[in-house]
1. Can you give the accessible area of A:Thr487 in Å² (nearest 10), computed on protein heavy atoms with a 1.4 Å probe?
2. Sort out for me the Cα centre separation of region A:326-374 from region A:235-274, rounded to whole Å.
3. How do A:142-150, A:452-460 rank on mean C-beta neighbours within 10 Å, highest first?
4. Enumerate the amide H contacts of A:Asp156 below 5 Å, restricted to partners 5 or more residues apart or on another chain; note that Pro and chain-start residues carry no placed amide H.
5. May I ask you to rank A:His179, A:His373 by accessible area, largest first, using a 1.4 Å probe over the protein chains only?
6. Given a 1.4 Å probe and every protein chain left where it sits, what share in percent of the accessible area of chain A is carbon and sulfur?
7. On a 0 to 90 degree scale, rounded to 10, what angle separates helix A:321-334 from the longest Cα axis of chain A?
8. Given a 1.4 angstrom probe, what's the average accessible area per residue across chain A, in square angstrom?
Amino acid sequence: MQHFRTAVLDALERVLIDVEGAPDRAALAQALSKPPKPEMGDLAFPCFLLAKALKTAPPKIAAELAEKVEPRGLIAGAKPFGPYLNFFADAGAVLAELVVGLEDGSFEQSLRTEAPQRVMVEFSQPNTHKVFHVGHLRNVSVGDALQRVFRARGHDVIAANYYGDFGIDVAKCLWQLEHGDVGEAPGEGQRGSWLGQIYAQAGAHLTALEEAGDEAGLARVKGEMRGILDAIKAGEEPYTSRYRETRQWCLDEFGTVYTWLDVNFDTDFFESDLEEPGHAIVDEYLAKGVFEPSQGAIVCMLDDYKLGPALVRKSDGTSLYLTWDLVLARRKFDEFGVERSLYVVGAEQTYHFRQLFATLERMGYERAKDCTHVAYELVMLPEGKMSSRKGKVVTFAEVRDDIVEAIGERMRTDERNDRSDWSDEKWRETVDRIAVACLRYGMLSVSNNTRVIFDAAEWTNLEGETGAYLLYSLARISGIFRKGGRTAPAELAAAARGAADFGGEPERALLNHLLAYADVLEQVERTTDPAALSAWIYGGARAFSRFYHDCPVLTADEPLRSARLALSLVTERILGHGLRTLGIEPVEAM
RNA sequence: GCGCCCGUAGCUCAGCUGGAUAGAGCGCUUGCCUCCGGAGCAAGAGGUCGCAGGUUCGAAUCCUGCCGGGCGCACCA
């Protein structure tokens, strides 16, 4: 398929061929932008950067160049707007190219990078024995979207999960399980959350002792917790069996969450596997002189990086989070052959990752510079910060149930659409998809470095800028085809080329919007922030809604009817692609 | 004290590789279902882009300082 953008660059090069000192093609491409209003054209070239070479005022340059541009192929013409030279697309021809490109695969090919790499995206990293809450949902949404974007860009992607399945917090939970009044374990599917509550109780117990000033009690309980951890490390019963069983409950429950969200990992890492290799790696680099003893502990000095010493072994001989990340990084590089490594982790750990990457560099891993900490801000509640220790959280299960309930209610009370022939299975699947769309879109519609405020009332409101709106837009397209039938794409493309009256403002605005998809994916890869993609999809859904409202499709005369069907088709395909890249599966009806 | 992030409409946020009159959603006011799905479309009210300097033909966007908020700064993860 041919791109309008390419056609414009060709045209610019033709008219600038005699101009000495004119920018090269790359610079021209860089300068192209979108006019603020559809009636001002489809692609704008600012003439400021020719002012020096031509020694002429930009508006005059624009006017002169406009004279020289001739209608040709995808270009219908060019007009000057002040200092801008604006190109107009032949809407029908551009649309036909898109239909063809989507059919023969060249559209998807055009989304891909020229330099594919092996990329690992590590995300989710849930802790067993703790609740999975809406904060974790943000991590999964961002990580999975990035993973999908990198795939769409043609990279060889490995999606990695890293379970925090070991450590003193696990022991706290097991201690409370033994000493607290916890009742019987619930049935399958709720045991993980149950353990999460028990963990919170353990935290509350410790806080209570602390606040009561009971230092002896506090020391005793902490000692017992420490003892449980040591017992598991030593393989002693009953703690080892209890640990294995409860750990599995949690992993199983995480699995149901991922299935519901449609998230898949290519590889799993476990903190419990890293203790031993952690000791080895510290010994190795201690011997090499990269690490050194300090105040009874082992550190890596990072003065060259203007960072404090990175602690890799505590004075009691045990290892830390950072140590395990060193082991993991080495595996990622050496065993997986990763060329680029993304860590989707909350912004509060920025300092940790600066130390990690600097330490890796000191260890001789030059690829440390290809490691990126994808930092995202906290998810807050309207009343303030969440705290899993205090049990002040909105759990994933609560959110899922609330939103499923709200969507089900909306559909049951809606008389506009007849769903009497829907099977239970179709109901369930549709509600679930809308729920996932609302949750993921809610998490992805703000930039990584903006805090998300999770307001249940707001999130279950299905009107306005929500995931439901996006699915609704695509469902309307499906409705058109359900009623009008599916015509062969080749026929639609031919009709689009010949439809003289196609190209009204809503049509051109929508078409123009769709053309920017590849740029948006490139931007998300570059910034590792999926928010630009969600914003673009929302903009596309809006543009379609206006088109849908203003331009009747099925009742139009041929060939306009087919041209509009073609536009509906490419919108369905491209917005659908974008939604799936965010991890949102469209529905045909809702 | 040092480092990172954020301050844009009543609220929640886009826009930030400098460019054409600063945009959405929610809320408020008002139109539009005999017409492909009203979970929609259109219009209205609402903004000293935290403050002060600087760079530039041009600054919400870049630089400096200040004010306000969040997070982090070795034996937690």
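The values are calculated or read from the model by the stated rules, or taken from the named source; none is laboratory data. The structure presented is a predicted model; accordingly, all values stated were derived computationally and were not measured. Neighbour counts are summed over all protein chains in view; Cβ atoms, including those assigned to glycine, are modelled from backbone coordinates with ideal geometry. All accessible areas refer to the heavy atoms of the entire protein, side chains included, with ligands and DNA or RNA removed. Shrake-Rupley method; radii C 1.70, N 1.55, O 1.52, S 1.80 Å.
1. Near enough 50 Å² of accessible area.
2. With region A:326-374 and region A:235-274 each reduced to a Cα centre, they are spaced 24 Å.
3. Values: A:142-150: 26.0, A:452-460: 16.3.
In descending order of packing, they fall as A:142-150, A:452-460.
4. Residues meeting the criterion, in which the H sits 1.01 Å from N, are A:Gln117, A:Arg118, A:Val119.
5. A:His179, A:His373
6. On the way: 12720 of 26740 Å².
Answer for chain A is 48 percent, counting heavy atoms of protein chains only.
7. Approximately 50 degrees, to the nearest ten.
8. Numbers: 26740 Å² over 590 residues.
Per-residue accessible area for chain A comes out at 45 Å².
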